[in-house]
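Everything on this sheet refers to the single structure shown next.
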Amino acid sequence: MVSASTSSRESGPDPAKRIRVVIWILLGVVMVAGGAWYAALTLNKPAPTQPPTGAEKVVPTDGRQLTTPALEKAQLVEFLDFECAACRSIQPFVDELKAEFGDRITFVNRYFPLPSHPNSGPAALAVEAAAQQGKFDAMAAKMFETQDQWHGKRESQGPLFRTFAAEIGLDLAAFDAAVADHKTKERIRADIADGNALGVTGTPTFFLNGEKLTLTTKQDFRQKLTDAVK
């Protein structure tokens, strides 16, 4: 009786062993599923982008270039705010410099709306939306010409800026779409981020060939450009 009973235990299934087998099978399934999930996540994850270099922080590849000289000898970048009185006051002189040096210097504008100016952000959006229809200069000039009408107002001046878009002949449906598009906002945020990284704290701030300028007089400004193109 004893031998028969012993034979039965040896030939029959071992419950503990069977449980271990089931556990290993389940672990294998979990590991395969986990590997597939990780692979899918990795494959669908966008490739990391390279951070912009110092030069790209000053002049991005998609910067708003106001002049396109055939033989570029220098680059002048202005970080500006359309609600800034100082930006408006210096703009006629900057236009003079563009006329004088535009065949040798690439003039670039970048947006830097200041937090203290409630409608500088909406103004930048309107100008960038106009730029997407090839009307950057016209809308920027309109902003400075009318600055006294909307400067310092707490309520959004977006509707007024839309009337400017109509006045300069923009397609209003396309303008509205560009103003609402997150890509338009991201472009302005990118300018702000680069400005902050470069130490811009106010407007207007100019960079000549990547070097932040400290300007004292208009003559000093002109002389720096003259030296840059020699």
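Computed 3J(HN,Hα) for the range 107-113, one whole-Hz value per residue from the Karplus formula 6.51 cos²θ - 1.76 cosθ + 1.60 where θ = phi - 60°, is 8, 10, 9, 10, 7, 8, x, glycine and proline marked x.
For LYS230, the aspartates and glutamates whose Cα comes closer than 20 Å to its Cα, not counting residues fewer than 8 places off in the same chain, are GLU72, GLU96, GLU100, ASP103, GLU211, ASP220. Peptides 147-157, 104-114 ranked from most to least packed, by the mean per-residue count of other Cβ atoms within 10 Å: 104-114, 147-157. Counting only protein heavy atoms, what percent of the accessible surface of the range 151-197 is carbon or sulfur at a 1.4 Å probe? Of all accessible area on the range 151-197, carbon and sulfur atoms account for 56 percent. Here the range 102-217 is described by how far its Cα atoms reach on the three principal axes: 40, 35, 29 Å, from widest to narrowest.
Take each of the peptides 170-181, 116-127, average the number of other beta-carbon atoms within 10 Å over its residues, and list them starting from the highest.
Averaged packing, sorted descending, gives the order 116-127, 170-181.
Let me know the shape class of the range 80-166, please: from the alpha-carbon gyration tensor, a ≥ b ≥ c as square roots of the eigenvalues, rounded when a/c is under 1.5, otherwise prolate if a/b is greater than b/c, or oblate. Note, shape of the range 80-166 comes out prolate. Centre-to-centre, using Cα atoms only, the range 142-196 and the range 61-93 are separated by 18 Å. When the pairs LYS183/LYS218; LYS73/LYS142; LYS142/LYS218; LYS183/LYS224; LYS153/LYS224 are compared against a 32 Å limit on Cα-Cα distance, LYS183/LYS218; LYS183/LYS224; LYS153/LYS224 fall above it. The residues of the range 114-175 expose on average 46 square angstrom of accessible surface per residue, using a 1.4 Å probe on protein heavy atoms.
GLU211 contributes about 120 Å² of solvent-accessible surface, heavy atoms of the protein only, 1.4 Å probe.
The values are calculated or read from the model by the stated rules, or taken from the named source; none is laboratory data. Source: prediction; values computed, not measured. Every residue, glycine as well, gets a Cβ built from its backbone with ideal geometry; the counts of neighbours run over all protein chains shown. Surface areas here come from the heavy atoms of the whole protein model, side chains and all, with no ligands, DNA or RNA. Shrake-Rupley method; radii C 1.70, N 1.55, O 1.52, S 1.80 Å.
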